[in-house]
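Below is one structure, written out as structure tokens; comments come after it.
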Amino acid sequence: MHSTDSAETPRNSAAVADDAARSRDAARPGRLQGSLFQSIGDAGRAELVERRLASAITGGHLRAGERLPSENDLARSFGVAPTTVRESLLALRSQGLVVTRRGRNGGSFVADSADPVAHARTALAATSRVALRDLGAHYAAITAACVRLAARRAVPSEVQQVRSRLARLDESDLEQWRSTLDDAQIELVALSQSARLTREQMRLQAEMSPMLRLIDVDETSRQAQPALLASVVDAVEAGDDHEAVAATERMVDAVINALIDLQSQSR
Amino acid sequence: MTTPTSTSTAARAAAIVSQYFSAPIASLEATALLLGTELAASGNLGPLSSQQIDALVEPHALATVALPDVHIYGAGFIATVGLLTDERNHLSWWQGDDPKRLLLAAQSVNKEHIDYSELEWFRVPMETGRGHVAGPYVDYLCSDEYTITIAAPVHIDGTFVGVAGLDLLIDSVERQLLPKLAELGDKVTLVNSVGRVVISTDPRHATGDAVRGGALAELERTECEGVALEIIAE
């Protein structure tokens, strides 16, 4: 006991004041606590499954006419009970997104009437300009972080794979064209070697992709996109991380401006 | 230049790495051969559906994932485009600690439509007819993690029909292999064939970094027998 006391004797008043400040900080809720206690919503599991499938359909990731996995497979995959999946499929049927056929080749299918482009048009019209700009800022930040790392880490043969994917872009099939461009974008950011950043990019790409189909129909903006992406690829191959970031920002600016132009034309 | 100490360290490290990968590779090659035979037998009865393929592949995949000593995250078979009657791109793949068949629906960007024939783990065995170690790379198709994929071609009567594969997460490789390499005492870095750091006992060498242009670039590399990885000892 005695030795402990004497060890504390030399502490100066500044250290004591510092301690006091620290304990005041500890008593105050931290800035992050605000987000910690945000509402997590009270959506039931069936509703979460429904929302996940609905966004895949309206986003065009499950195509019209495509067969959904079986109820049991979906239940295992989502980690929920088969009855929960059944409940969500019922809701999707009532929204007209899914149809169910009986018989040997039966099952649940994406409704033929589910048109992702129509959904994207509605979504774009309902999105404010500030939200579009913010989506662009988020997308640019993640992509820029990825290509900065990719420029430092990728080897030329890997970059060449992205380039050969871009070379297969075919304007005669716009759906294929968009999915090839999405794949090339993901393949490029995966060269960052960061799983977290790549997953975030995929999430953002899935969000943007249906809206990008709306600007793909315009020849000028369609042809601008591969060229803009190619300049990011060039910078990554050259190992020039600053140019890769700058080229990414030019690419995202062009896309967001095209979306905003389209939005103001249709208002 | 290379000192006798680092040479023997490199050789011992390479032996540890070869030993670590030997069981998964042997299991995968046996699976690829067996699958070829079983597919040929089923194929004789008529065109194959994805359900038939899944039934054939599942026991092999589950046995591979359950191998002792090496933590295997996922395993399965990927048919070449057009092999199956009902699906263009079918992944017969089981993954996770409680392995479940991978469903690609609704997870992200068009995973269902990703053309995997361009991906290294599929392309190289298809083109060379030989097994291949791909990665480390971000596997955005199956594991969604930083991964090494070991793949072997499957043939029916000499015709390529797809790839049998298994995934090792770099996270597991680090946990399982790094302590063994650290016991050697010297700084040891495992790199792949394009010079990317897989793991290193030197915390300054980050997984995923390229060795080119850095201090490691000039050092001698020692091949690990049976697996296309190399050791750099400092």
_Can you list residue pairs whose Cβ atoms sit under 7 Å apart, with the first residue in region A:215-234 being of a type in the set (K, R) and the second being in a helix (DSSP H, G or I)? Count only pairs 6 or more apart in sequence or on different chains._
A:R222/A:D216
*Which condition number in (1) free of Cβ contacts under 8 Å to residues at least 40 places away in the same chain; (2) away from every other protein chain (no Cβ under 14 Å); (3) assigned to a helix (DSSP H, G or I) is the one that A:A120 fails?*
(1)
*For region B:179-205, which residues satisfy the criterion of being assigned to a loop (DSSP other than H, G, I, E, B), closer than 26 Å to B:I25 by Cα and of a type outside the set (S, T, N, Q)?*
B:E183, B:L184, B:V194, B:G195
*Which one of these does B:Y146 not meet: (1) within 29 Å of B:R12 (Cβ to Cβ); (2) touching a residue at least 40 places away in the same chain (Cβ under 8 Å); (3) out of contact with any helix residue (DSSP H, G or I) (no Cβ under 6 Å at 6 or more places or on another chain); (4) not hydrophobic (A, V, I, L, M, F, W, C)?*
(3)
*Test B:A32 against the criterion of being modelled with pLDDT of 95 or more and under 14 Å from B:G76 (Cα atoms), and give yes or no.*
yes
*asked:* Among the residues that make up region B:186-193, is at least one of them within 13 Å of another protein chain (Cβ to nearest Cβ) and in contact with a helix residue (DSSP H, G or I) (Cβ under 8 Å, 6 or more places away or on another chain)?
replied: yes
*Could you list, in sequence order, all residues of region B:198-234 that are in contact with a helix residue (DSSP H, G or I) (Cβ under 7 Å, 6 or more places away or on another chain) and at positive phi?*
B:G208, B:G226
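Residue-wise test of (1) touching a Lys or Arg at 6+ places or on another chain (Cβ under 7 Å); (2) crowded, with 16+ Cβ neighbours inside 10 Å; (3) within 25 Å of A:M208 (Cα to Cα).
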position: A:L53; (1), (2), (3): no, yes, yes
position: A:G59; (1), (2), (3): no, yes, yes
position: A:S70; (1), (2), (3): no, no, no
position: A:L90; (1), (2), (3): no, no, no
position: A:Q95; (1), (2), (3): no, no, yes
position: A:R101; (1), (2), (3): no, no, no
position: A:R104; (1), (2), (3): no, no, no
position: A:A111; (1), (2), (3): no, yes, yes
position: A:V130; (1), (2), (3): no, no, yes
*Which of the residues that make up region A:72-84 are away from chain B (no Cβ under 12 Å) and under 27 Å from the mean Cα position of the chain (by Cα)?*
A:V80, A:T84
*Answer with yes or no whether A:T122 is more than 15 Å from the chain's Cα centre (by Cα), under 22 Å from A:A246 (Cα atoms) and β-branched (V, I, T).*
no
*Check A:L89, A:L68 and return the single one that is under 19 Å from B:S92 (Cβ atoms), at pLDDT 85 or above and not polar (S, T, N, Q).*
A:L68
*Inside region B:50-84, can you point out the residues that are assigned to a loop (DSSP other than H, G, I, E, B) and touching a strand residue (DSSP E or B) at 6+ places or on another chain (Cβ under 6 Å)?*
B:I72, B:Y73, B:T80, B:L83
_Residue selected from region B:206-229 under the condition over 26 Å from B:S27 (Cα atoms), part of a loop (DSSP other than H, G, I, E, B) and open to solvent by less than 30 Å² (accessible area, probe 1.4 Å), by the criterion farthest from the other protein chains (Cβ to nearest Cβ)_ = B:V211
_Any chance B:A15 is part of a helix (DSSP H, G or I), open to solvent by 40 Å² or more (accessible area, probe 1.4 Å) and at pLDDT 85 or above_ = yes
*Please work out if B:K180 is touching a residue at least 60 places away in the same chain (Cβ under 8 Å) and basic (K, R).*
yes
*Tally the residues that are small (G, A, S) and either at pLDDT below 95 or open to solvent by less than 10 Å² (accessible area, probe 1.4 Å) (or both), restricting the search to region B:178-201.*
3
*Would you tally the residues in region B:85-95 being within 19 Å of B:F160 (Cβ to Cβ) and in a loop (DSSP other than H, G, I, E, B)?*
5
*What number of residues in region B:143-159 are outside any strand (DSSP E or B) and either more than 12 Å from chain A (Cβ to nearest Cβ) or of a type in the set (G, A, S) (or both)?*
3
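The values are calculated or read from the model by the stated rules, or taken from the named source; none is laboratory data. Bear in mind the structure is a predicted one, so any value in this text is a computation, not a measurement. Cβ: placed from backbone, ideal geometry, glycine included. Neighbour counts: every protein chain shown. Only protein heavy atoms, including side chains, enter the accessible area calculation; ligands, DNA and RNA are left aside. Shrake-Rupley method; radii C 1.70, N 1.55, O 1.52, S 1.80 Å.
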